[in-house]
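Okay, structure first, notes after.
The values are calculated or read from the model by the stated rules, or taken from the named source; none is laboratory data. The structure presented is a predicted model; accordingly, all values stated were derived computationally and were not measured. Here the Cβ positions follow ideal geometry from the backbone for every residue, glycine too, while neighbour counts run over all protein chains shown. When the accessible area is computed, the model is the full protein with side chains, heavy atoms only, and any ligands, DNA or RNA have been set aside. Shrake-Rupley method; radii C 1.70, N 1.55, O 1.52, S 1.80 Å.
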Amino acid sequence: QVQLVESGGGSVQAGGSLRLSCVVPTRTFSSYAMGWFRQAPGKEREFVAAISWSGDRQYYTDSVKGRFTISRDNAKNTVYLQMNNLTPEDTAVYYCAARPWIVVTTTQYDYWGQGTQVTVSS
């Protein structure tokens with residue numbers, strides 16, 4: 001079983017920034033593709049961003065392109081989501097997820113974190 005621990009959520013005003021972190025304490029972290037998802041109240045969980053195991057490919061949903069950046073540090077077993085110019089529509093619980101090798105933009109990930117709340121006020 002692979003554990004994922006998110007942190008960095010909080011409350012900000014519109015236009016602000018947050019950086020989410022997800023630590024994956026496993027020696028095989030560098031073999032996992034990583035994704036960030038979010039779920040707002042009453043809505044389905046949706047894809048936000050993903051990164052390949054090597055970090056050389058990143059994918060984003062259209063609504064966050066140009067505002068969010070996904071990155072990873074394999075030496076620290078950590079994936080990040082830098083979120084800039086936040087809007088109230090970004091309010092949700094954010095989850096990181098992991099799956100071996102192949103990066104996808106669907107919810108077909110094997111391991112999930114517990115989620116961290118992001119609230120953006122207008």
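From the phi of every residue in region 8-18, what ³J(HN,Hα) in whole Hz does the Karplus formula 6.51 cos²θ - 1.76 cosθ + 1.60 yield, where θ is phi - 60° and glycine or proline is x?
x, x, x, 10, 9, 8, 3, x, x, 9, 9
Viscosity 0.890 mPa s, temperature 25 °C: what is the translational diffusion coefficient of the chain from Stokes-Einstein with a Kirkwood Rh over Cα pairs, rounded to a whole number of µm²/s?
The calculation lands on 174 µm²/s.
Take the alpha carbon atoms of region 1-42, find their radius of gyration, then divide it by 2.2 N^0.38 Å using N residues; give the quotient.
1.47
With θ taken as phi - 60° and the coefficients 6.51, -1.76 and 1.60, list the Karplus ³J(HN,Hα) couplings across region 25-34 in order, rounded to whole Hz; mark glycine and proline as x.
For region 25-34, the Karplus curve yields x, 9, 5, 9, 3, 5, 9, 9, 6, 10 Hz.
Counting only the heavy atoms of the protein chains, how much of PHE47 is accessible to a 1.4 Å probe, in Å² to the nearest 10?
For PHE47, solvent-accessible area is about 30 Å².
Do any trypsin sites (Lys or Arg not before Pro) in region 8-111 lie in a loop, going by DSSP, with at most 14 other beta-carbon atoms within 10 Å of their beta carbon, and if so which?
Listed in order of number, the matching sites are ARG27, LYS43, ARG57, LYS65, LYS76.
Within region 1-24, name every residue whose backbone N is under 15 Å away from a label modeled 7 Å from Cα of SER121 along the Cβ vector.
Those under the cut-off are 10-17.
Lys/Arg Cβ at +1, Asp/Glu Cβ at -1, dipole of the chain taken about the Cα centre: which of VAL12, ALA49, SER122 is farthest positive-ward?
Final value for the positive-end residue is ALA49.
Taking the Cα centre as origin and putting +1 on Lys and Arg beta-carbons and -1 on Asp and Glu beta-carbons, what dipole magnitude results for the chain, to the nearest 20 debye?
Using Cβ point charges on Lys, Arg, Asp and Glu, the chain gives about 200 debye.
At a 1.4 Å probe, what is the % contribution of carbon and sulfur to the accessible area of the chain?
46
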